[in-house]
Amino acid sequence: MDCFYNYGANIRKHRMDLVLTFANRTISGDGRDDVGLFLVSGRFDDTNGECYWTKTYVGTHDVYYRGFREGKGIWGLWELGSDSGGFHIWPLGEEEGEHEHESAEEPAPLEAIAAQTV
């Protein structure tokens, strides 16, 4: 998947490599960004599109994410203590913000690259 995040009002995008799997209302995956390697564990609600998960950096700290599925992408906010910022995730190979008609089927595992902002 393609993905980026930013810090607060800063518009600089920070990219991350990210692989997510959506199954049985759970989200799992892993990735890497400029902070380091991380694991992803969380849940999604297929009725309202809400997604929430924890990004755990191996041996260090957790970052909490909450977003909403729009088309094939997920937009939302991350939080780490008093710090926060936005993020956007979309399928690898599609343009940022490109939307396709949503299917009623459960989403398949997706591979993405994420961007992040500092």
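Taken residue by residue, the stretch 1-19 has no member that is modelled with pLDDT of 85 or more, at positive phi and surrounded by 14 or more Cβ atoms within 10 Å (Cβ to Cβ). For the stretch 44-65, the set of residues classified as aromatic (Phe, Trp, Tyr) and more than 10 Å from Leu80 (Cα to Cα) consists of Phe44, Tyr52, Trp53, Tyr57, listed by residue number.
Which residues, taken from the stretch 48-75, are assigned to a strand (DSSP E or B) and surrounded by fewer than 20 Cβ atoms within 10 Å (Cβ to Cβ)? Please lay out each step first, then the result.
Of the stretch 48-75, the ones assigned to a strand (DSSP E or B) are 50-57, 62-70, 73-75.
Hits for the stretch 48-75 are Glu50, Tyr52, Thr54, Thr56, Tyr57, Asp62, Tyr64, Arg66, Phe68, Glu70, Trp75.
Looking only at residues of the stretch 87-108 that are touching a Phe, Trp or Tyr at 6+ places or on another chain (Cβ under 7 Å) and not charged (D, E, K, R), we find that the one that is modelled with the lowest pLDDT is Pro107.
The values are calculated or read from the model by the stated rules, or taken from the named source; none is laboratory data. Being a predicted model, the structure only gives us computed values, none of them experimental. No Cβ is skipped: glycine too gets one built from the backbone with ideal geometry, and neighbour counts run over all protein chains shown.
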